[in-house]
Amino acid sequence: MALSVRSWVANEGGKHFVLLLWLGGNTWLFMRTFLCYYYGQQYHYLHKMLGLGLCISRASASVLNLNCCLVLLPMCRTLLTCLRGSHRVTSRKARRLLDKSKTFHVACGVAICVFSAVHVSAHLANIVNFSVRYSEDFPSLNVARYKGEVTHTHTHKPDLRITGVLLVLILFLMFTASSYCIRVSNYEIFWHTHNLFVVFYVILMLHVLGGALKYQTNIEAHPPGCLRANQSSPDPTREESGQALGDGRSCKEEARFQPNSPEVCVSAQFKCITWLWVSGPLCLYCAERLYRYIRSNSPVTIVTVVRHPCDVIELRMLKKDFKAHPGQYIVLNCPSVSSFENHPFTLTACPTEKKETFGIHLRVVGDWTGEKTCSTHTYTHTLNVLTSILWTWDSLLHVDGPFGSPSEEVFNYEVSLCVAGGIGVTPFACVLHTLLDGWRRFRLRRLYFVWVCRELQSFYWFAELLCALHRKLWQENIPDYLNLQLYVSQTDGLQNIPEERYQPLSSRLLIGRPRWKLLFEEIGKTNKHKRVGVFCCGPKGISRTLHRLCNSDRYSGTTFEFNKESFS
């Protein structure tokens, strides 16, 4: 399949540009710090003792500081939502970059793990060199008390060893618990280990105060490599490398050393630059979490609970001053199930001027939703008992949000293609609700909606909504505004929707799976030289296929911009 340069730039160009900037920033910072410690006068004697281990350990520490600063920013959901909704981010390309925040967070996390391994390895080499290359001339520069001492067991700085081991242990737990298999099998492990980031940052700030590495403070009175009273020639090792800076001059005084802040090269006026790297994003993130905690504790009233086929439950809720846009999502916390576990759910109905309630659909597929709904299984027989349960839930359900998502951009294209797989229909249900209230105020002029389900009963979740929108569009003489295609992937016998009131859906119901290439060719031919927004929320197989087709060059100049729903 040929690749369209125009489509590739539209879909991949922005994130690859940011990736290159990020890689360039990491590379520049690593090399600048490396060269500073390699050629820096204040590190002449320390480098002579430790060699490349000093340069690599300090350069990797600089990269760690940068990524420990950046890794928190993509997780500031409220900040990202404000940026998306503000007039400062008017470009659709810029807003789409915000959708890659989770990917950037993962990239920074991987970089932290990789450079932590480099940092630890370099320091292990430094431990050996402190012991083997013990300096008789400058005792204050040493960590070992005598030549040959095993410094990792008898170091004068046990806090460095303790904090270093704790940092590695916490990072290992966070990294392993972030794997896909653990997140799917036991989300609570992932959630609890990731919350160790607070402990990680506190220990990180303590770790940099160790002061095992020292730099020379009196370079003018004691130029590195100068002739001391008992020395007749400059340091031969530095003379060969062009670093004998003393130029044969005699030392006015002995070299003096003091503990070094790891990044004194990068900004000499700051003595503990790690605090400046980390404290800003950490304070920002903690302030946002505090704001979200206060906001989520606002009382929530559960108005309606509807049980749908295929283990899906609809909740209609009411919260004071709650405002949301179609495509956004909220985060639910149910302390009776888990006090610290939060789960995102896309809004299927937003508050409007006529109706202040908002709704979500939950599918019982895991431990959390199973526990959340188990009480309703017992009491669905009597309305009175169910009502009492709802009043009990009011004080036990915390709603945080709303937060922005890619589906908000559906209305910002003239033509949009929305593809849903199973319960992945929820972001687009809110879009359909909004169109039902009025479509003329939006830029959108044609919507292709494809919904793929395994079971026929799944379509009943939003059958009323789809039929109501179909009737409204026919009454307004714009039946082509919505192109609806429903697919049942299970082909065990012929299936159909028997109810007469759902007749508009029966005529659009197909057995099997969509032929994506033909669909894209049809959209491309009828929308030449336009930008079509493609939105997907469903299984990875469908997402990969759509992503590949959006980048292909076969659609008469039509550019397909791919947007995938992803909760961070």
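The figures follow:
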item	result
Order by protection proxy (mean Cβ within 10 Å, highest first), peptides 302-308, 521-527	521-527, 302-308
Gyration tensor verdict on segment 509-568 (Cα atoms; rounded if a/c is under 1.5, prolate if a/b is larger than b/c, oblate otherwise)	oblate
Ranked order, R289, R454, R32 - accessible area, probe 1.4 Å, largest first	R454, R32, R289
Among W439, F428, C467 the positive-end extreme of the charge dipole of segment 418-475 (Cβ point charges)	W439
Solvent exposure, largest accessible area first (probe 1.4 Å, DNA, RNA and ligands not counted), of S296, S179	S179, S296
For segment 1-117, with +1 on Lys and Arg beta carbons and -1 on Asp and Glu, the positive-most of G25, L98, Q41 along the dipole	L98
Most to least packed among 432-444, 41-53 [average Cβ atoms within 10 Å]	41-53, 432-444
Rg(Cα) / (2.2 N^0.38 Å) computed for segment 270-321, rounded to two decimals	2.05
Heavy-atom accessible area ranking, 1.4 Å probe, most first, across L20, L447	L20, L447
Ordering of 469-479, 102-112 by burial proxy (mean other Cβ atoms within 10 Å per residue, highest first)	102-112, 469-479
Range of Cα positions in segment 58-127 per principal axis (Å), largest first	53, 17, 15
Pairwise FRET efficiency - V168 versus R295, Cβ, R0 = 30 Å, nearest 0.05	0.25
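The values are calculated or read from the model by the stated rules, or taken from the named source; none is laboratory data. Computed from a prediction, not measured in an experiment: that's the story for all the values here. Virtual Cβ from ideal backbone geometry, glycine too; neighbours counted across all protein chains shown. Calculation scope for accessible area: heavy atoms of the full protein, side chains included, ligands and nucleic acids excluded. Shrake-Rupley method; radii C 1.70, N 1.55, O 1.52, S 1.80 Å.
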